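Peer 1: What follows is a structure written as structure tokens; I'll ask about it next.
Since every read-out is calculated from the coordinates, none of them should be taken as a lab result. What you see is a predicted model; the values in this text were computed from it and never measured. As a convention, Cβ positions derive from the backbone with ideal geometry for all residues, glycine included, and neighbour counts pool all protein chains shown.
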Amino acid sequence: MLDMREYENIELKSKIFIEEAAYHKLLSVIADNGDKLETGGIIIGYYDDMCKNAVITEFTNPPEDSKSDRFRFYRGIQGLKKLLQQRWKERNEYYLGEWHLHPGSSPTPSATDIAQMKK
């Protein structure tokens, strides 16, 4: 897999591959936000044939109806259904998960983040 960043989970014997273009777009979204507010979006991509490794092809901007402040982020839904239908139709890619940023603080998930992941 060329032009991808690779991250390995040794315990699960699986990998996440991030396309360089997606990685740089995420960095751009983060840079545009600065250290202002929490922000986030969804992750789009696919799993390999064995459903063991994920390939991330896109990190979205926050939807326009998202709400954020210094210590909270509520991802909106505006435009996501259409985008996901388009990605599926064009590239057989789909929703893999969420991303969000705690600007100017630890990259450690908050208690709220952990509870949401469990939910």
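Each row is one residue, and each column tells you yes or no for (1) without any contact (Cβ under 8 Å) to a residue 24 or more places away in the chain; (2) outside any loop (DSSP other than H, G, I, E, B); (3) in contact with a Phe, Trp or Tyr (Cβ under 6 Å, 6 or more places away or on another chain).
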residue: Leu26; (1), (2), (3): no, yes, yes
residue: Ile30; (1), (2), (3): no, yes, no
residue: Ile43; (1), (2), (3): no, yes, yes
residue: Cys51; (1), (2), (3): yes, no, no
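Peer 1: Which residue pairs have Cβ atoms under 6 Å apart, sit 6 or more places apart or on different chains, and have a first residue in region 62-86 that is of a type in the set (S, T, N, Q) and a second that is assigned to a strand (DSSP E or B)?
Peer 2: That search, which allows pairs on different chains as well, returns Ser68/Thr39.
Peer 1: Only one residue in Glu38, Glu58, Glu90 is touching a Ser or Thr at 6+ places or on another chain (Cβ under 6 Å) and of a type outside the set (S, T, N, Q), so which one is that?
Peer 2: On the way: Glu58 fails: touching a Ser or Thr at 6+ places or on another chain (Cβ under 6 Å); Glu90 fails: touching a Ser or Thr at 6+ places or on another chain (Cβ under 6 Å).
Just one listed residue meets the conditions, Glu38.
Peer 1: Related question: Report yes if Ser110 is without any contact (Cβ under 8 Å) to a residue 24 or more places away in the chain, in contact with a Phe, Trp or Tyr (Cβ under 9 Å, 6 or more places away or on another chain) and among the small types (Gly, Ala, Ser), otherwise no.
Peer 2: On the way: without any contact (Cβ under 8 Å) to a residue 24 or more places away in the chain: yes; in contact with a Phe, Trp or Tyr (Cβ under 9 Å, 6 or more places away or on another chain): yes; among the small types (Gly, Ala, Ser): yes.
In short, yes.
Peer 1: So, one more: For region 88-119, name all the residues that are exposed (fewer than 13 other Cβ atoms within 10 Å of the Cβ) and in a strand (DSSP E or B).
Peer 2: Across region 88-119, the qualifying residue is only Gly97.
Peer 1: Scan region 64-87 and tell me whether some residue there is more than 27 Å from Lys119 (Cβ to Cβ) and surrounded by fewer than 15 Cβ atoms within 10 Å (Cβ to Cβ).
Peer 2: yes
Peer 1: Moving on to the next point. Across region 1-24, what is the number of residues that are part of a strand (DSSP E or B) and of a type in the set (Gly, Ala, Ser)? Break it down stepwise before answering.
Peer 2: From region 1-24, those part of a strand (DSSP E or B) are 4-9, 14-19; that's our starting set.
Within this subset, residues satisfying the condition of being of a type in the set (Gly, Ala, Ser) are 14.
Count: 1.
Peer 1: Please work out which residue is surrounded by the most Cβ atoms within 10 Å (Cβ to Cβ), limiting yourself to region 1-19 and to residues that are free of Cβ contacts under 8 Å to residues at least 40 places away in the same chain and within 13 Å of Gly45 (Cα to Cα).
Peer 2: Within region 1-19, the match that is surrounded by the most Cβ atoms within 10 Å (Cβ to Cβ) is Ile18.
Peer 1: Suppose the filter is exposed (fewer than 13 other Cβ atoms within 10 Å of the Cβ), within 16 Å of the chain's Cα centre (by Cα) and under 27 Å from Glu6 (Cβ atoms); does Thr57 pass it? Spell out the reasoning first.
Peer 2: On the way: exposed (fewer than 13 other Cβ atoms within 10 Å of the Cβ): no; within 16 Å of the chain's Cα centre (by Cα): yes; under 27 Å from Glu6 (Cβ atoms): yes.
No, not satisfied.
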